Amino acid sequence: MSLTELSITELHSRLARREVSALEVARAHLDRIEALDPMTVRAMLTVTRDHAERQARAADARLTAGETAPLLGIPVVLKDVLTTRGIRTTAGSKILERFVPLEDGTITQRLAEAGTIMLGKSNMDEFAMGSSTENSSFFPTRNPWDLDRVPGGSSGGSAAAVGAEFAPFSLGTDTGGSIRQPGALCGVIGFKPTYGRVSRYGLIAFASSLDQIGPFTRTVEDCALVMNAIAGHDPCDSTSLQAPVPDYTAALQKEPSLKGVRLALPREYFDVEGMEPGVEAAVKAAINQLESLGAELGEVSLPHTRYGLATYYLIAPAECSANLARYDGVKYSLSIREPGAGLWDVYERSRGEGFGREVKRRVILGTYALSSGYYDAYYLKAQKVRTLIKQDFDSVFEHYDAVVGPTSPTVAFPIGAKTQDPLAMYLNDLFTIPTSLAGLPGISVPAGLSNGLPVGLQIIGKALDESGVLRIAHAFEQSTHWHTLRSPIAQMDAATARSA
Ligand code: GLN
C-alpha cells in the first residue's frame with residue numbers, strides 16, 4: 001500500500017513506530033499532488049512544499065524525541081479561507097489574489113502545534129459562496145469520481161483533495177452546507193461541528209452567525225481525531241463556546257451497535273421534488289442498515305424546512321454585505337488606482353473588477369435586505385423564521401437522539417449545468433441549510449452510489465453532541481463498505497500519470 005492511501009490512524013502507527021519519517025510521508029503526498037493535480041481535479045490553489053518540508057523535519061525531531069501525538073507528522077490541506085502567516089490566502093477571490101496574512105488563524109496554529117504538515121491551500125467558491133467551486137475566481141475544481149463533474153462546494157478543493165488521496169485530511173468551512181455537500185459528492189466524510197465549537201479566529205468571514213470550520217476525512221475515526229485537535233474555546237473568538245471538549249474517539253465503539261438510539265426521519269427530507277431516485281434509494285437502504293444495527297426509527301416533521309432557503313438567502317447575504325465592506329480597494333490586496341482617480345473611483349474599480357458575479361449579487365441582496373424600510377420585512381422576518389426552524393429541531397430532539405436523511409438531493413452534477421441558474425444551484429443545500437440556521441452539528445458519511453457516483457447520508461445531532469453524531473456515523477461506517485470505495489483519481493498512481 002502506498003503512503004497516500006493510508007488513513008490518519010494508519011499513518012500515525014507507522015510514524016510512531018518510526019517505519020517511515022514525516023518527511024517521507026509529506027513528500028509522497030506532495031509528489032502525488034504535483035504529478036496529478038494540475039491535469040486532473042485541480043484541487044489546489046497553492047502548494048507549499050518548502051513550508052511542508054520544514055514542518056515535516058520539525059515533526060521528525062519530535063517523533064525522534066519520543067513524542068507520539070496522534071496528528072504528529074500527518075499531512076493536511078487547508079481551504080484557502082483560513083489565514084496562514086506568510087502564505088497567500090485568497091478566499092478564492094481575485095480581490096485577495098495577493099493577500100499574504102501577517103498571522104495564522106487559531107485553527108491553523110492549533111494544527112501546527114499538533115504537528116500536522118500543511119501541504120497547501122485548496123480551491124473554493126469565492127468567499128465560500130456557492131455549491132460547486134465554479135465560483136472560484138481562478139478555475140473550477142473537478143470531481144475525483146468524474147472529471148466532467150463538480151466536486152460540490154464551496155469547500156470543493158478540500159473535499160476533492162481527500163477524495164483524490166492528496167491528503168488524509170483537510171479542513172473546510174460550512175455556512176449552509178459547504179462541508180457536508182462536497183463531502184457527499186466526493187465520497188468522503190465531511191463534518192460541520194456545532195456553531196461555536198471550533199474557533200473562527202483567522203477565518204475570512206462570509207456570514208459570521210453561520211460560518212463553522214470542520215474536517216474532511218476518509219474514516220469517522222480520523223474525523224474524531226481531527227476534532228480533538230481543533231475543538232474548544234478560544235478567547236480570540238467571542239462566539240466560541242466555553243463548553244469542555246470530550247475525547248471524541250471515546251464515543252466510537254468496537255462493535256457497531258445502535259441499540260437504544262432513536263433516529264428521526266423528517267418527512268420534508270424525502271420524496272421531495274428534484275430529489276434523484278438513486279439518491280433516495282441509497283439513503284433508504286442506509287436507513288434500513290441503521291435499523292438493523294438496533295436503532296429505533298420514527299417519522300417526524302420539521303415543518304419550517306420549506307422556509308430554510310429563503311431565510312438563509314436573506315441572513316447570509318445580509319451578513320456578507322457587512323463583512324465584505326472591508327474590501328474597498330484601499331486595504332488588503334487588489335487596488336486599482338488610475339492616475340488622477342478619486343477615492344470613489346478606487347472603490348468602484350477595485351470592487352468592480354475584484355469581486356465575481358455571485359459575490360456582487362449577494363452584496364446587493366444583503367444591502368437591500370438591511371436597508372431602512374426593508375429591514376423589518378426581510379431581515380428581521382428572516383431572523384424570526386430562523387428561530388422557528390431551530391424550534392422544529394428542539395421539539396424533535398425531545399424524543400430523538402439524532403435526525404437522519406440525505407445530505408444532498410443529487411449526486412455530483414456536470415460542470416456548467418447550474419452556473420446560469422442561481423436558484424437551481426441554491427437548491428443543492430435544501431437539506432443542509434436548516435442545520436446551519438439552527439447551529440447544529442451535522443456529518444455526511446459515504447452511503448452508496450447512484451449512477452456510479454457517491455451519495456452521502458446526513459446525520460444531524462443536538463447542539464454540542466458531536467460525540468453522538470460521530471458514534472452513529474461510525475457504527476454505520478463500520479457495518480458498510482462504502483467508505484472503502486476509492487475514486488478513479490485516487491486509484492491513479494503518480495508514476496502512471498507522469499508517463500501518460
Ligand atoms: N451553497 C451555500 C451558499 O452558496 C452554502 C455555502 C457555504 O456553506 N459556505 O451560500
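Throughout, read-outs are computed from the coordinates displayed, never taken from laboratory work. The structure displayed is predicted, hence computed values, not measured ones. Ideal geometry is used to build each Cβ from the backbone, glycine not excepted, and the neighbour counts take in all protein chains shown.
Remind me, relative contact order of segment 143-187 in percent, using alpha carbon pairs under 8 angstrom and six or more residues apart?
Computed over segment 143-187, the figure is 44 percent.
Evaluate E = 1/(1 + (r/R0)^6) for Glu338 and Leu423, where r is the Cβ-Cβ distance and R0 equals 45 Å; express this FRET efficiency to the nearest 0.05.
Working: r = 37 Å, r/R0 = 0.83.
According to the calculation, E is roughly 0.75.
Tell me which residues come under 5 Å, amide H to amide H, from Glu296 once H is placed; ignore anything under 5 positions away on its chain.
Gly260, Val261, Arg262, Leu263
Identify the GluC sites (Glu not before Pro) of segment 199-285 meeting these criteria: DSSP loop state and at most 16 other C-beta atoms within 10 Å of the C-beta. Don't jump to the answer; show the numbers that get you there.
Working: sites: Glu221, Glu268, Glu273, Glu280; in loops: Glu273.
Hits after loop and neighbour filter: Glu273.
Looking at segment 460-500, which trypsin sites (Lys or Arg not before Pro) are DSSP coil and have at most 14 other C-beta atoms within 10 Å of their C-beta?
none
In terms of the Cα gyration tensor, with a ≥ b ≥ c the square roots of its eigenvalues, is segment 233-319 rounded because a/c is under 1.5, prolate because a/b exceeds b/c, or oblate?
Cα axes put segment 233-319 in the oblate bin.
Of Lys192/Lys259; Lys384/Lys462; Lys94/Lys331; Lys94/Lys360; Lys79/Lys254; Lys192/Lys390, which ones are farther than 22 Å apart at the Cα?
Correct reply: Lys192/Lys259; Lys79/Lys254.
Taking Cα pairs under 8 Å and at least six residues apart, what relative contact order does the chain come out at, in percent?
Numbers: 1194 pairs, mean separation 89.7, N = 500.
Rounded, it is 18 percent for the chain.
In whole Hz, with x marking every Gly and Pro, tabulate ³J(HN,Hα) for segment 94-103 from phi via Karplus 6.51 cos²θ - 1.76 cosθ + 1.60, θ = phi - 60°.
4, 5, 10, 3, 10, 7, 10, x, 8, 9
Between the DSSP loop rule and a limit of at most 10 other Cβ atoms within 10 Å, which trypsin sites (Lys or Arg not before Pro) in segment 1-46 are left?
Here the trypsin sites (Lys or Arg not before Pro) that fit, given the DSSP loop and packing criteria, are Arg17, Arg18.
What is the packing order of peptides 289-297, 207-215, taking the mean over residues of other C-beta atoms within 10 Å and listing the highest first? All intermediate terms of the calculation are to be shown ahead of the outcome.
Working: 289-297: 16.7, 207-215: 23.9.
Result, highest mean Cβ count within 10 Å first: 207-215, 289-297.
If you take the square roots of the eigenvalues of the alpha-carbon gyration tensor of segment 386-500 and sort them as a ≥ b ≥ c, do you get rounded (a/c under 1.5), prolate (a/b over b/c) or oblate?
Oblate is the answer for segment 386-500, as a/c is 1.5 or above yet b/c matches or exceeds a/b.
Hey, can you grab everything whose amide H is under 5 Å from the amide H of Arg85? Only 5+ residues off in sequence or another chain; H modelled, so Pro and N-termini drop out.
Amide H neighbours of Arg85: Asp104, Gly105.
If packing is taken as the average count of other Cβ atoms within 10 Å, what order do 148-158, 73-83, 424-434 fall into, highest mean first? Can you show the working numbers first?
On the way: 148-158: 31.6, 73-83: 29.5, 424-434: 23.9.
Most protected by this proxy first, the peptides run 148-158, 73-83, 424-434.
Put +1 on the Cβ of each Lys and Arg and -1 on the Cβ of each Asp and Glu in the chain; which of Tyr378, Phe476, Ser13 then has its Cα farthest toward the positive end of the dipole?
After comparing all options, I get Tyr378.
Between Ser122 and residues 5 or more places away or on another chain, which pairs have amide H atoms under 5 Å apart, with H built 1.01 Å from N, and which residues are they?
When sequence neighbours closer than 5 places are left aside, the close amide H contacts are Leu45, Leu78, Lys79, Asp80.
Where nothing but the Cβ of Lys and Arg (+1) and of Asp and Glu (-1) is charged, how large is the charge dipole of the chain around its Cα centre, in debye to the nearest 20?
Charge dipole of the chain: 720 debye, to the nearest 20.
Compute the Cα gyration tensor for segment 354-427, then decide on rounded, prolate or oblate, letting a ≥ b ≥ c be the square roots of its eigenvalues: rounded whenever a/c is under 1.5, prolate when a/b is larger than b/c in the other cases, and oblate in all that remain.
Since a/c reaches 1.5 but b/c is at least a/b, the shape of segment 354-427 is classed as oblate.
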